[in-house]
Amino acid sequence: MIKFPDYTNSIMNVSNSFLHYYGIKTDYPGQKSLDKILQDKNPKHIIYVLLDGMGANLIHEHLKPTDVLRKYMLESVTSVHPPTTVAATNSVLSGLPPITTGYLGWVQYFKEEDINLTVFLNSDFYDNSIVPKENLAQKYLSYENIISKIGRLNPNIKTNGFFPSFAVNGSASFKEEIEKTLMFVHNVEESFSYVYWTQPDLTEHQFGIKSLETKDMIQSLSNDFEELIDNAPDDTVIVCIADHGLTDIEEINLYEYTELVSMLKRNPSIEPRTINFFINDGLHTMFQTEFEKHFSSKFKLYSKQEILDSKLFGDGVIHPMIDSFLGDFIGVAIDKYMFTLSDSKHYKGHHAGLLEDEMMVPLIVYSNKK
């Protein structure tokens, strides 16, 4: 089933609820259910957990009603588009839609640098030996995150972010992140904590969403989350979301379609399920015809203007680099298929398209204030 993002009831709105709670005005509404809980509970401590790839489908597929991630699931909300880590985590951390942050996907073409950048790795996607001298995401796409903003505008609120080992002082496990979070919140009067972990996304990519490995992972995460809620200080609200879900996929090698590829000005970018095409001059109609001939049942093809008009990437101030990031056409998956853009890695599960599995994520809320 196709599901479009709802920018009034999305992960972005969850973050806006926290900003509003701390007296920070924004251009976007909060998430209504969470707004009411925060107003009613008025907690001294907030712990905001993001489990990468934990779609609502996993909660119902793999967890018992007594497992805490399912037990405290309030409702489902949408991700943003594309429902993928680069776009979605930056919307969560900024409270802004992708159209405003400029973070669209795993690979973005930076015209100023002439590079198809793997955004989180700061290297060329098609030749990872090419590494810019500067971090291009920091150079072009910087913003103040909600952790910093809440602390800056509320000096009495101690804020902190807890991340995996890729970050300075990062953790080797979700359990370790929880231990660090608990140590922090028990030693301050009032706090806001953000906790990000990379699973179950990595397991789903490798084994698929219905696999035993994914089931074991989501149950392990639920057990660790139970430790968090059991040991949180009095007067705490804990909110857990995901950046996106995943769906089981079949791969299509784009480069086998030689006539189609011959019309490209440069290699595709963004995501294998939201794929960005720059077309050689004079070949736009021919490209559209050829693409629709092969993939009309699998991908919805938008022109740049159509995708901007659709507000698929959200509504608001448009980042000045959006025009150069977007190609002439963007193909968005409406079925189980994804394009393979390199031979280096293969997947059983993926995301960034328009299926319900990848778009819908749980809103899990626990409060220990009666």
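What follows draws every value from the coordinates through simple rules; no lab data is involved. Quick caveat, the model's predicted, so the values are computed rather than measured. Cβ sites come from the backbone with ideal geometry, for glycine too, and all protein chains shown count toward neighbours.
Translational diffusion of the range 7-51, estimated by Stokes-Einstein from the Kirkwood radius over alpha carbon pairs at 37 °C in a medium of 0.692 mPa s, is 307 µm² per second.
Between the range 94-148 and the range 164-201, the alpha-carbon centres lie 24 Å apart. For the pair Lys25 and Gln206, the difference between a 0.36 nm per residue extended length and the Cα-Cα distance amounts to 61.1 nm.
Pairs over the 32 Å Cα-Cα cut-off, from the set Lys36/Lys298; Lys149/Lys348; Lys215/Lys298; Lys64/Lys300; Lys133/Lys293; Lys25/Lys175: Lys36/Lys298; Lys149/Lys348; Lys64/Lys300; Lys133/Lys293; Lys25/Lys175. In terms of other Cβ atoms within 10 Å, His81, His205, His45 run from fewest to most in the order His205, His45, His81.
The fewest-to-most ranking of Glu134, Glu179 by surrounding Cβ atoms within 10 Å reads Glu134, Glu179.
So how tilted is helix 284-295 from the main axis of the chain? Cα-based, degrees 0 to 90, rounded to 10. Orientation of helix 284-295: about 70 degrees from the principal axis. For Thr8 and Ser303, a Förster radius of 25 Å and the Cβ-Cβ distance give a FRET efficiency of 0.45, rounded to the nearest 0.05. Its residue count N fixes a reference of 2.2 N^0.38 Å for the range 295-336, and the Cα radius of gyration divided by that reference is 1.24. Distance from the alpha carbon centroid of the range 289-342 to that of the range 220-273 works out to 18 angstrom. Name the residue, out of Asp315, Asp27, Asp52, whose mean-square fluctuation peaks in a Gaussian network model built on the chain with Cα pairs under 10 Å. Comparing Asp315, Asp27, Asp52 in a Gaussian network model of the chain, the most mobile one is Asp27.
With Cβ to Cβ distances under 15 Å as the rule, what net charge do the other residues near Met286 carry (K, R +1; D, E -1)? Walk me through the intermediate numbers first.
On the way: positive: Lys265, Lys293; negative: Glu259, Asp281, Glu290, Glu292, Asp328.
Summing Lys and Arg as +1 and Asp and Glu as -1 gives -3.
Over 23 Å, how big is the tail of the calculated P(r) for the range 29-111, in percent of all Cα pairs? Tail of P(r) above 23 Å: 36 percent of Cα pairs. Residues whose amide H lies under 5 Å from that of Ile130, counting only those 5 or more places away or on a different chain, are Asp124; hydrogens are built 1.01 Å from N in the peptide plane. Taking amide H as placed 1.01 Å from N in the peptide plane, the amide H of Lys3 sits under 5 Å from that of Leu355, Glu356, each at least 5 places away or on another chain. Amide hydrogen proximity for Tyr337: with H placed 1.01 Å from N in the peptide plane, the residues at 5 or more positions away or on another chain lying under 5 Å are Glu250. Computed over the chain with a Gaussian network model linking Cα atoms closer than 10 Å, the most mobile of Gly282, Gly105, Gly55 is Gly282. The computed mean projected area of the Cα convex hull in nm² for the structure shown corresponds, within (i) 20.1; (ii) 17.7; (iii) 27.8, to (ii). Using θ = phi - 60° in the Karplus curve 6.51 cos²θ - 1.76 cosθ + 1.60, the 3J(HN,Hα) couplings for the range 217-228 round to 5, 5, 5, 5, 4, 5, 5, 5, 4, 4, 4, 5 Hz; x is entered for Gly and Pro.
Would you list Ser269, Ser76 from fewest to most Cβ contacts within 10 Å?
Working: Ser269 27, Ser76 19.
Result, fewest neighbours first: Ser76, Ser269.
The Cβ shell under 13 Å around Phe313 holds other residues with a net charge of -3, Lys and Arg each +1, Asp and Glu each -1. Whole-percent P(r), the range 247-370, all Cα pairs, 5 Å bins from 0: 2, 10, 19, 22, 18, 13, 7, 3, 2, 2, 1, 1, 0, 0.
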